[in-house]
Structures are given as structure tokens and as C-alpha cells.
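> Attaching a single structure in C-alpha cells format; questions to follow.
The values are calculated or read from the model by the stated rules, or taken from the named source; none is laboratory data. Keep in mind that what you see is a predicted model, and the values were worked out from it rather than measured. Backbone-built Cβ (ideal geometry, glycine too); neighbour counts: all protein chains shown. Ligands, DNA and RNA are excluded from the accessible area calculation, which covers all protein heavy atoms including side chains. Shrake-Rupley method; radii C 1.70, N 1.55, O 1.52, S 1.80 Å.
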Amino acid sequence: METHKESQFRQYDLRHRALALGWSEDQIDIIDEDQGKSGASTAQRTGFQDLRARVGAAEVGIILSLEVSRLCRDNAEWHQLLRIAAVSNTLILDEYGVYNVSDLNDWMLLGLKGQLSEYELRGIRERMVGGQRSKARRGELKLPLPVGLAYTATDEVILDPDQSITEAVELVFHTFRRLNSIMQVTKWFRKQGIRLPSRPRSVAGAVYWSVPNNSQLQRMLHNPRYAGCYAYGRTKMEQRADGSMKYSRIPMDQWMVCIPEAHAGYISWEEYLQNQDTIRANAASFLRGDRVPSPRKGVALLQSRIICGLCGQRMGVSYNRDKRCASAPKWYYQCKENVVRHGMRTCQSMRGDMLDEAVGTFVVAAVNQENLALSLMVREQLRTDFETADRQRMNHIQALRHQVELARRRFMEVDPSNRLVAATLEAEWEAQLKRHTEAVRERENYMDAQTSMPEPERDRRILELTHDFCKVWKAPETSNEDRKRLLGFLVEDITLTRNGYQVEVGLRLRGGRIHQLDSVALPLPRAVIIRRDASTKVLAELEILLEAGCSDGLAAKKLNRRGHRDSRGDRFTRHGICLIRTRYNIKNGLRRKRDQLREQGCISGVELATALGVAYSHLHRHVPDNPRVEIYEIPSEKRIFKMYKLIPEPQDKQVL
């Protein structure tokens, strides 16, 4: 359009043709808003839309164009313009003549020209697409490459020359190889604060570094170019209900071109296929509901590995949210499949700490020296991952240091008298210094978190623990996530079946072997009426404490200090003491003190107000200065209760 303008000149020369036909200069409007835009659609062509509106308003006498394709290549839009022109008696002129759309022959001729114009456009498109596909089948079509790959001067695909970009892309596939989950890879990158490069299409050649999200990692793991495969036709374009277009992936067996090992890659083609199988298996298990999530920080050891022995569905974990038990949380394994799916009762529920202890005992007894070596290999792998992540941070810091140096050079080379340019370059230099400082501080924070214990000391303690796996299992340094990972190395899933007050535990080990924990009996939580029981010694001491005026909460604290426990083996609470008193019909300390004071002639505040003839709300004004009233205080946990004793007046002072 910039170098070949002859057709544009011919279009503008139509103004002289209009003058020759009798239109004046002020009656001629040239519409050139649609230059450089295809006539295949009128959505973005404001000039054509304005022309159609003015024709409908009968403001146009004749339309001049070299040919129909210059106006519109969409047959439907072209016929709509013809109908409007026929109603408004608008003429149409091209290089072959003048046409009156109201005339049947002219309307048919213009309609054929519109159809031929659309056919020509589609033919051009088909020839271009056919040539593109033919070149793609030979693997010679040059397609945009993802970040991490680059073209040479001879159009050969190689790994990116930038080592920081190459190591970042390799880290993605290495992490997925270890975690086997895109979401877990995303969480790991965000937890470590590692940035990945990206090349936006809007800015050619620019590289941006940012913490990745799930969509970015999905595109990288699904892209076959990273496996050295030349692929073409992996997506298809579909039309939405609102008329817009969208792209969707198609299965691999329907790809138009797939040439493995066509160029250098980060992984092999076999590993790529294995990664796709893993991703599909994760998605399928998520839809079925049998997906095994990654270990979490909760204390429930059997999380995500329990199967209900009654309905065959996976069981969940329910934690005790009571704030009074925050220091020693309790958890229960429950099957809520019938509740969620069918609105029925829960299949079964059982206390979790007893089951965890039984399974943990089995794991400690079953683990041998080879498993210990495997755990040490995992520890070594984690150390390697940290070193890789730290190397990525160092690469990022070096790149920022280079930017700081460039900004400093630009500032030093500017003329000092040109303050406008100098101020801008100085601000850019300060911004680069700030980014570099933040990156260094972020790396130091991660290093401090990792090296809180010296590495030789940590390795020495690990080697000491390898002599006794029980110490490894119960060590404070072993987190809940580590215990669950160690359990996953040995146990595939666990089936729990409630049988009265016993739970049958079936273990399916790695490799398919089944092991039944027949010798372990796991009692279920007992009923409330049983939990209210107490031993004779506890009842005797409780009677003494209540007789001394202790409240329920104070009595529970004193019993706990003396080493007493309830029927479940837990510490006494105020609510537990209340249940025991209800069970054995024992009065609390406050009621006992009240009864004793009433036996001595004491009355309540309401009774005293009635005796003095005053309102109860005004009792505090008369009691302190009245010598006939004695006050007895009964302390409790939350407030102080008062009882009053009214002393009668002497007989000799009574007026007869």
C-alpha cells in the first residue's frame, strides 16, 4: 500500500467522473476510512457502515467504485446494500458502467459480481492456506517459537543462547518430573519465588520475568516444541453462540503435522508423551473424585488415602474446632458420600489419632534400610532443588545488575546541562537500583530460611536418625508433610470398616500386596453416658473440692494438676465436671455454699429488698450504711455472688 499506489490514484480519479456526470464539487464525498482493511467483513469498516446508513436515508445519488470487491466481499452484506439502494433509487457505478439497482437485469448482474468477488476471496484464501499446509508437512513452515527456543540465521531451531532462560525452562520440566502435577509445580514456583521468562507477542524480542501461574505452566507442558517435535494444526477455530471465535485443542491423533525429533528440545518425545498421560490421568481422577491430593500440613496422617469399607468412596478428615482443645486438636475420619450425594446419613465416622498410631506403628516396623536410603535420596533431591532455585535467583540478580550498569552509563554520558534528559535517566537508574536491591533482599530471605541450621549439623543429625527409623518418624524436624510422603512410598490406600466398637484396617501396599491389621483393635468414641463415668477416687476428691466451695472449672484444674484423667484419658474440663455432677446428682460448690448460708439464716438480694421495703434496683444505696445487714460473698469463675443476713432489732429498743 505504501509503494504501490496506482490503484489508490485510480480510486481518487473517480471524482472527475462524478463531475462529468453533473454532480458539483460540494456534493462529492470521498470515503477513505477503510483503506488497508479487508472487505471480507464489515465489522471494523466504519466507512462502509456510514455509506450504508446514508444510502438508507436517501442522501446518496450514486456510488462510484472501480469494482464491487472495493466495496464489499461479503455476499450477504452486499445484497443488503443492493436492497437498500433499490428502495432509495441510488445508482452504482464501476469501471464498466452505471447500474440502476431497481432494474432487474442490473440487480442480477451486480449480484453475480458480488458472488464472484466473495468466491475470489475464498479462492485466494484457500490457495494461501494450501501452500502453508504443504510447507508445514515438510516441516519448513516457520512458526513462532515458545520461550526457551530460538531460530538461527539459517532458520534452524536451537535452545535459547541465554543461559538463564534455558535453566528456567529446564527447571519447569525437572520439577514436574518430581511432583507429577501442574498445580503442585505452580505452588512450588510461587513458594520459592522463582520467575519464568515470557515473550509477549505485542513487543517483539522483549523478555519479561514473572512468577508463573497455572495457565503459563500448562502451555509449556502441553507444547510439543519443547520435546523437539514439529507440530502443526494442534488447534481448531470454533464459533461461539454470540458470533465470536475461539480456539480449542484437538487430540494428538488428529494433528495435521507431527514430526518428532525435528529439532533440539528440552525433553525427549517419550517423556513428553508420559507427561501428557500424567496430566490426563490427573484430570480424569479429579472428575471421578478419586484424585489423591498432595500432603498437607494437617496432623491427620491418613489424609487422602482412606477408603470407606462400606460404600467404597474416599473418606475425608474433620477437625475438632473447639478452642478449648486448640493445643491438642482432635480429628475424625468420616465418609460423607451418602450425605453429599443422596442426602442420607453418614456411612461411618471414627476417631483419627488411634488409627494414625496403629498405621504409624506398622510403617515403622515395615521400613528397612533400603527405604532409609530412599528417604536420604529424597532429602538430597530437595537440596538439589534448592540449589537450582538459588541459581535462578542469582541469574535474575545478574541480569538486573547489567540493567543497573546500562542505566548508570546512560546517565554518565548525558550532558549535565540538559536537566530534562538527565532527570529522566537518573530516575531510571534509581528504579533499576531499587529492583536490584529487592531481588538481593529476596534471595537473602530465602537463604536465611533454608540455612537456619548449618548444613553439616543437619546432615549429621540426619545420619544419626537413620540408625533408628522410629526416631526419624517421631522427630520434631520431620513435618507432617514428610510423614505423609513417607507413608505414600509404602502404602497405596487404606480401607476402614466399622464393626461395632472395632475398626478393621486393610492396607494396600505399593505393588498390589494386601495387608490386614487384624491384631490391632481400635476402639471408637464411647457414648456420652459412658463418658460421664468417673472412678471412686476422682469422685471422692471432687466431693472434697466442691465442699470447699470450688467451682466446676477450678475443680477441673485441680484434678488435672493431681494427675487425674476422665474415662477417655483426656484432661478434665468444666463441661466434663458438669456432666459427672449430673450423672451422680452432685451439687456444685456454689450451690453448696448457698445452702450452708441459708441454713445460717442468710437470704438473697430480692428477699432483702422485700424485707426492707425498697426496690431491688435501689438496694445498693441502703445496704452499705445499714448496721442491721451482714454481707457474705461467694466467689465464682466469672462473678461474685452475695448473700445477706438481716439482724433483728433488740426488744428493749422497740417502741410500744
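> Testing the spin-label approximation: label points 7 Å from Cα along Cα→Cβ at Ser215 and Glu438. State their distance in nm.
Here the modelled spin labels are 2.3 nm apart.
> I need the calculated FRET efficiency for the pair Ala150 and Glu120, taking r as the beta carbon distance and R₀ as 41 Å, to the nearest 0.05.
Efficiency computed from Cβ-Cβ geometry: 0.55.
> For a protection proxy built on the mean count of beta-carbon atoms within 10 angstrom, sort 491-501, 596-606 highest first, please.
Order by mean packing, descending: 491-501, 596-606.
> Please calculate the 1.4 Å probe accessible area of Tyr266, with all protein chains present, and give it to the nearest 10 Å².
Number for this one is 40 Å².
> From the protein chains alone at 1.4 Å, what is the descending order of accessible area for Met256, Met315, Met412, Met394, largest first?
From most accessible down to least: Met412, Met256, Met394, Met315.
> What does the highest-first list of 348-360, 109-121, 190-202 look like by mean Cβ count within 10 Å?
Ranking, from highest mean packing down: 348-360, 109-121, 190-202.
> Net charge around Val211, counting only other residues with Cβ within less than 14 Å of its Cβ (Lys, Arg = +1; Asp, Glu = -1)?
For residues surrounding Val211, the net value is +3.
> Also, I was wondering about something else. May I ask you to compute the full-extension gain from Glu238 to Gln274, defined as 0.36 nm times their residue separation minus their alpha-carbon distance, rounded to one decimal in nm?
Contour length minus Cα-Cα distance gives 10.1 nm.
> From the phi angles alone, apply the Karplus equation (6.51, -1.76, 1.60; θ = phi - 60°) to region 306-315 and give each ³J(HN,Hα) in whole Hz, x where the residue is Gly or Pro.
9, 10, 6, x, 9, 10, x, 8, 6, 9
> Residue by residue through region 299-304, what is 3J(HN,Hα) from phi via Karplus (6.51 cos²θ - 1.76 cosθ + 1.60, θ = phi - 60°)? Round to whole Hz and write x for glycine and proline.
7, 5, 5, 8, 3, 6
> Under 5 Å between amide hydrogens, which residues at least 5 positions from Val505 or on another chain qualify, with H placed 1.01 Å from N in the peptide plane?
When sequence neighbours closer than 5 places are left aside, the close amide H contacts are Leu517.
> How do Met220, Met183 stack up against each other in accessible area, from largest to smallest, with a 1.4 angstrom probe?
These residues rank, largest area first, as Met183, Met220.
> Would you kindly state how much longer the chain becomes between Lys474 and Asn445 on full extension, computed as 0.36 nm times their sequence separation minus their alpha carbon distance, in nm to one decimal?
Full extension from Lys474 to Asn445 adds 7.6 nm.
> Go through Lys246/Lys336; Lys5/Lys246; Lys558/Lys587; Lys330/Lys593; Lys37/Lys236; Lys471/Lys537 and tell me which ones have a Cα-Cα distance over 29 Å in this structure.
Lys246/Lys336; Lys5/Lys246; Lys330/Lys593; Lys471/Lys537
> Within straight cross-link reach of Lys191, meaning Cα distance under 25 Å, which lysines are found once same-chain residues fewer than 8 apart are removed?
Cα-Cα hits under 25 Å: Lys297, Lys434, Lys484.
> Provide the per residue accessible area, probe 1.4 Å, for region 71-158, rounded to a whole number of square angstrom.
With the other protein chains kept in place, region 71-158 gives 60 Å² per residue.
> While we're on this one: Whole-Hz ³J(HN,Hα) for each residue in region 358-363, computed from phi via Karplus 6.51 cos²θ - 1.76 cosθ + 1.60 with θ = phi - 60°, x for glycine and proline: what do you get?
3J(HN,Hα) across region 358-363, in whole Hz: 5, 5, x, 5, 5, 5.
> Please list, in chain and number order, the residues 5+ apart from Lys336 or on another chain whose amide H is under 5 Å from its amide H, with Hs placed from the backbone.
It is Gly316, by chain and number.
> How big is the dipole moment of region 1-107 about its Cα centre under a simple scheme where the beta carbon of each Lys and Arg is +1, that of each Asp and Glu is -1, and everything else is neutral? Debye, nearest 20, please.
200 debye
> Further question on the same structure: What is the extension gain from Arg391 to Asn560, computed as 0.36 nm multiplied by their sequence separation minus the C-alpha to C-alpha distance, in nm to one decimal?
55.4 nm
> Under 10 Å from the Cβ of Arg508, count the other residues' Cβ atoms, weight Lys and Arg +1, Asp and Glu -1, and hand me the total. Don't skip to the end; give the middle numbers.
Numbers: positive: Arg305, Arg510, Arg513; negative: Glu492, Asp493.
Once positives and negatives cancel, what remains is +1.
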